[in-house]
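Peer 1: After the structure tokens below, expect a handful of questions from me.
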Ligand SMILES: Cc1cc2nc3c(=O)[nH]c(=O)nc-3n(C[C@H](O)[C@H](O)[C@H](O)COP(=O)(O)O)c2cc1C
């Protein structure tokens, strides 16, 4: 919490060619002073996740359904963390036309790993409407992804609109703005 009693928000991301990083920066811009910390996991200590109340975690999928490489190294080092009581939200980059059977898989894998760390509350699930794919490990249920899906290859013109709408949902789920 801040001195004013506001929950603190941090963004952590992994990004191989900069697309998820760009999304993280857009999210930071939109949230402005709400965000206390933005960092690439490659430059981060897993303990840093414990310092914030709300975690926005950004990840991309690589090599047909595989975790982005920096998260791949980071995840085992998170094993001692207790994220109980925190709220977590995910945003993810993937290519639905190129990898329709593995669209956003790493987002689901990351949530699975983070959930193990004290069962933090998931916020910001996102509808699958508007995407075309056959299978995804990033699904929360039949109609929703675990978090925001972004597709640089096929739908980059939708990023701004999607990010804004998703952030409204995240803030509503966190009860920071009225539903
Ligand atoms: C070799 C290769 C494999 C990929 N595999 C997947 C995949 O299995 N699923 C998916 O949704 N996207 C896949 N992608 C697309 C990337 O996730 C996408 O390009 C993303 O924007 C990369 O983000 P980053 O630069 O932040 O790492 C793949 C891309 C490449 C080049």
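Bear in mind these aren't lab numbers, they're just calculated from the coordinates by the rules spelled out. These numbers come from a predicted model, not from an experiment. Neighbour counts are summed over all protein chains in view; Cβ atoms, including those assigned to glycine, are modelled from backbone coordinates with ideal geometry.
Peer 1: What are the pairs, 6+ residues apart or on separate chains, where a residue within segment 144-158 that is more than 17 Å from residue 21 (Cβ to Cβ) and without any contact (Cβ under 8 Å) to a residue 12 or more places away in the chain has its Cβ under 8 Å from a residue that is away from the ligand (no atom under 11 Å from the Cβ) and part of a helix (DSSP H, G or I)?
Peer 2: From segment 144-158, no pairs qualify.
Peer 1: Here are some residues: 157, 134, 141. Which one is surrounded by fewer than 17 Cβ atoms within 10 Å (Cβ to Cβ), within 13 Å of the ligand (Cβ to nearest atom) and over 14 Å from the mean Cα position of the chain (by Cα)?
Peer 2: Values: 157 fails: within 13 Å of the ligand (Cβ to nearest atom); 141 fails: within 13 Å of the ligand (Cβ to nearest atom).
When all the criteria are applied, what remains is 134.
Peer 1: Residues of segment 8-25 being over 11 Å from the mean Cα position of the chain (by Cα), part of a helix (DSSP H, G or I) and surrounded by 17 or more Cβ atoms within 10 Å (Cβ to Cβ), which ones?
Peer 2: 19, 21, 22
Peer 1: Just give me the residues in segment 27-47 being surrounded by fewer than 17 Cβ atoms within 10 Å (Cβ to Cβ) and out of contact with any strand residue (DSSP E or B) (no Cβ under 7 Å at 6 or more places or on another chain), in sequence order.
Peer 2: 29, 30, 32, 33, 42, 43, 45, 47
Peer 1: Test each condition in (1) touching a strand residue (DSSP E or B) at 6+ places or on another chain (Cβ under 6 Å); (2) away from the ligand (no atom under 16 Å from the Cβ); (3) in a helix (DSSP H, G or I) for residue 168 and report the one that comes out false.
Peer 2: (1)
Peer 1: I need the full set of residues from segment 113-131 which are within 16 Å of the ligand (Cβ to nearest atom) and either farther than 17 Å from residue 151 by Cα or part of a loop (DSSP other than H, G, I, E, B) (or both), in order please.
Peer 2: So in segment 113-131, the residues within 16 Å of the ligand (Cβ to nearest atom) come out as 126, 128, 130-131.
Matches in segment 113-131: 128, 130, 131.
Peer 1: Could you check, for segment 54-69, whether at least one of its residues is crowded, with 16+ Cβ neighbours inside 10 Å, within 11 Å of the ligand (Cβ to nearest atom) and under 25 Å from residue 177 (Cα atoms)?
Peer 2: Initially, segment 54-69 is screened for residues crowded, with 16+ Cβ neighbours inside 10 Å, giving 54-62, 65, 67-68.
From what is left, the residues that are within 11 Å of the ligand (Cβ to nearest atom) are 58-62, 65, 67-68.
Subsequent filtering for residues that are under 25 Å from residue 177 (Cα atoms) retains 58.
Yes: segment 54-69 contains one or more residues that are crowded, with 16+ Cβ neighbours inside 10 Å, within 11 Å of the ligand (Cβ to nearest atom) and under 25 Å from residue 177 (Cα atoms).
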